[in-house]
Amino acid sequence: MAFIDEITLQLTAGRGGDGVVRWRREKFKPKCGPGGGNGGPGGDIWVEAVSDLSYLSQYQYTKSLRAENGSAGDNFGKQGAAGDELTIKVPVGTIIHQSESGFVWDMDTLGRKERILRGGRGGLGNEHFKSSKNVTPIESTPGVDGESGTFRIELQMVADIGLIGLPSAGKSSLLNALTNAQSKVGAYDFTTLEPHLGVMPGGRIIADIPGLIEGASEGKGLGIKFLKHIRRTRVLVHLISAINPDPYGSYVAIRNELGKFDKSLLEKPEIVLLSQSDELADPTILQKELSKNIGKEVHLISVFDDKLLKELTKVFTIQVL
């Protein structure tokens with residue numbers, strides 16, 4: 001199933017049931033009077049934040065959804081049944097925009113639930129209109145339509161740590177080593193086609209942001225499709241492959257793309273990793289050179305070195321606290 005991070009839905013809450021005109025009929029009690037009940041309210045529409053990043057794919061081919069209508073009133077003054085509510089589940093981090101009102105809901109907390117549309121009121125039955133002056137009312141009112149609107153639903157992931165870098169920089173491998181996310185890994189110039197999340201011990205969330213290329217901010221490659229997900233990560237972890245022929249150039253290229261898309265991304269805390277360091281006989285030479293050129297500490301990392309992974313976990317813990 002394709003990864004979907006933006007959809008538009010036409011949503012309609014349930015219509016209220018109609019009020020009815022009825023007359024009570026009881027044995028040995030003629031002319032018992034009006035007994036038409038009120039209609040039941042229409043179902044509301046809610047949104048709920050869930051952990052599954054792929055959940056918007058459920059609505060990929062859906063144009064509109066509506067909650068259940070309320071039922072009409074019944075005999076003996078009984079109110080009709082309320083329409084069932086409709087809950088739309090969205091990945092945590094989703095932002096919901098209502099086109100007509102301009103209202104925005106930020107589903108940034110797992111389990112958060114918000115009502116976005118109210119169902120219509122039920123109509124009034126003739127029992128409601130009974131009075132001392134009107135003992136046989138024949139009035140009733142129809143149910144009211146529920147609220148409706150057009151909603152743009154856009155996922156912007158929420159994570160403590162965002163892994164960025166060129167394709168094949170080792171992001172998926174590092175995510176798998178630190179968590180059990182089981183992100184797909186390729187032994188060739190390959191970029192993940194969708195973001196993946198993993199949870200480290202202690203509950204820190206890591207997002208593997210699909211590989212960027214030069215021109216991504218202008219729509220090349222995966223373009224801005226995933227650049228927006230970096231906005232809501234607390235710390236950026238920039239991976240530079242030790243076997244890249246121009247490691248410093250790749251670092252500059254990615255930083256340029258971040259700045260072109262949103263200059264505030266350049267102000268986020270950043271950890272720089274020299275990944276796949278086991279591929280070099282002495283990776284410390286390149287580590288020192290990069291540190292000097294970049295102007296900040298560069299950490300060595302290899303998914304096959306438990307000691308380096310433990311040291312990196314400590315660095316993450318300090319940065320995210």
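Below are the figures for this structure:
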{"read-out": "Check on ARG115, modelled with pLDDT of 75 or more, more than 26 Å from the chain's Cα centre (by Cα) and under 30 Å from ALA82 (Cβ atoms)", "value": "no"}
{"read-out": "Restricting the range 267-321 to residues that are in contact with a Ser or Thr (Cβ under 7 Å, 6 or more places away or on another chain) and assigned to a helix (DSSP H, G or I), the residue that is surrounded by the most Cβ atoms within 10 Å (Cβ to Cβ)", "value": "SER277"}
{"read-out": "Count - residues of the range 288-306 that are polar (S, T, N, Q) and within 18 Å of LYS171 (Cα to Cα)", "value": "1"}
{"read-out": "Any hit, the range 16-26, residues being surrounded by 16 or more Cβ atoms within 10 Å (Cβ to Cβ), in a strand (DSSP E or B) and in contact (Cβ under 8 Å) with a residue 40 or more places away in the chain", "value": "no"}
{"read-out": "Subset of the range 81-90 (residues that are open to solvent by less than 30 Å² (accessible area, probe 1.4 Å), under 18 Å from GLY14 (Cβ atoms) and part of a strand (DSSP E or B))", "value": "ILE88"}
{"read-out": "Residue pairs meeting the criteria (Cβ under 9 Å; at least 6 apart or on separate chains; first part of a loop (DSSP other than H, G, I, E, B), in the range 61-80; second open to solvent by 100 Å² or more (accessible area, probe 1.4 Å) and at pLDDT below 95)", "value": "ASN75/ARG25; GLY77/HIS128"}
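The values are calculated or read from the model by the stated rules, or taken from the named source; none is laboratory data. From a predicted model like this one, the values you see are computed outputs, not experimental measurements. Note: ideal-geometry Cβ built from the backbone for every residue, glycine included; neighbour counts use all protein chains shown. When the accessible area is computed, the model is the full protein with side chains, heavy atoms only, and any ligands, DNA or RNA have been set aside. Shrake-Rupley method; radii C 1.70, N 1.55, O 1.52, S 1.80 Å.
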